[in-house]
Amino acid sequence: MVDIRSFELIALQDGAPVLRSRVIVGRPDSPTPELVSSMFAVEFNPAWTPTPSMVRNEGAHHIPPGPQNPLGRILFELDNDQLVYLHDTNEKQLFNRPQRALSHGCVRVEKARQLAAWVLGVSVDAIDRMVAEGRTYSVPLPERIQVSLAYDTRLPDKAGQVLLETDQMPRTTPVTIDQTRQGYGG
């Protein structure tokens, strides 16, 4: 679950939080949309292709895999028609900002390596080896994981108790990840 108001992803397993991560979400002029989707694969060392509006309005251009790539080293592939994904980033210092509505609509995940390990059911060391291959390739998830991008104020705390979040930004969107299989908990 990623709450846009609190800029946080909370991965849930059997209803309990197993991973928490700061995130960067869409700017007010390009908000992360609300949607329900499913994650079906993790792509390593992705290339970045801007949307047509980014090319037209910002002069953005294709960026190959590597250290300057805005997607970072890991892209979580979602089944949706809005070109919205969860992904790593090359600008990790942005996670230190208190207000993190900075993207074009995708959700940048600070703990992308840990999330990839959890969804694939492998260790973070295994993820590091997959990234180190340097080539672009996708690994299908053992099973699809539901992802809901939604705007919520009720989130579980570290003990799994529901709490009310404060409103840090105008309404945009969050992401919910819930899965009932055994997964990475470290």
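Only residues of the range 94-138 count here: report those whose backbone N is under 12 Å from the spot 7 Å along Cα→Cβ of GLU34, or say none.
No residues fall inside that zone.
From the phi angles alone, apply the Karplus equation (6.51, -1.76, 1.60; θ = phi - 60°) to the range 88-105 and give each ³J(HN,Hα) in whole Hz, x where the residue is Gly or Pro.
6, 8, 8, 10, 5, 5, 5, 5, 7, 6, x, 9, 10, 8, 10, 9, 8, x
What is the set of long-range amide H partners of ARG5 at a cut-off below 5 Å, with H atoms built 1.01 Å from backbone N?
Amide H neighbours of ARG5, under 5 Å, 5+ apart: ASP152.
What is the local net charge at ASN80, summed over the other residues whose Cβ is closer than 13 Å to its Cβ (Lys, Arg +1; Asp, Glu -1)?
-3
If a/c stays under 1.5 just call it rounded; otherwise compare a/b with b/c (prolate if a/b is bigger, oblate if not). Do that for the range 33-114, with a ≥ b ≥ c from the square roots of the Cα gyration tensor eigenvalues.
Taking the square roots of the gyration eigenvalues as a ≥ b ≥ c, the range 33-114 is rounded.
Return the distance in nm (one decimal) between the two label points of a simple spin-label model at GLN68 and VAL124, each offset 7 Å from Cα along Cα→Cβ.
Between GLN68 and VAL124, the simple spin-label model gives 2.9 nm.
Place a label point 7 angstrom from the Cα of ASP81 along the Cα-to-Cβ direction, then list the residues of the range 18-62 whose backbone nitrogen is under 17 Å away.
Under cut-off, by backbone N: 33-38, 52.
For the range 62-90 and the range 38-52, what is the centre-to-centre distance using only Cα atoms, to the nearest Å?
Comparing the Cα centres of the range 62-90 and the range 38-52, I get a distance of 4 Å.
May I ask for the net charge around GLN93, where only other residues with Cβ less than 14 Å from the Cβ of GLN93 are counted and Lys, Arg are +1 while Asp, Glu are -1?
Here the charged neighbours net out to +2.
Using a Förster distance of 25 Å, how high is the FRET efficiency between ARG27 and ALA47, based on the Cβ-Cβ distance and rounded to 0.05?
Taking R0 as 25 Å, the efficiency between ARG27 and ALA47 is 0.65.
Note the full-extension length gain between GLU91 and ASN57 as 0.36 nm times their separation in residues minus their Cα-Cα distance, in nm to one decimal.
That works out to 10.1 nm of additional length.
Report the label-to-label distance for TYR151 and TYR137 in nanometres (one decimal), using points 7 Å from each Cα along the Cα→Cβ vector.
Result: 4.2 nm between the two label points.
FYI, it's all coordinate maths here, none of it is from the lab. Remember, it's a predicted structure, so these values are computed and weren't measured experimentally. Methodologically, a virtual Cβ is constructed for each residue, glycine included, from the backbone with ideal geometry; neighbour enumeration extends over all protein chains shown.
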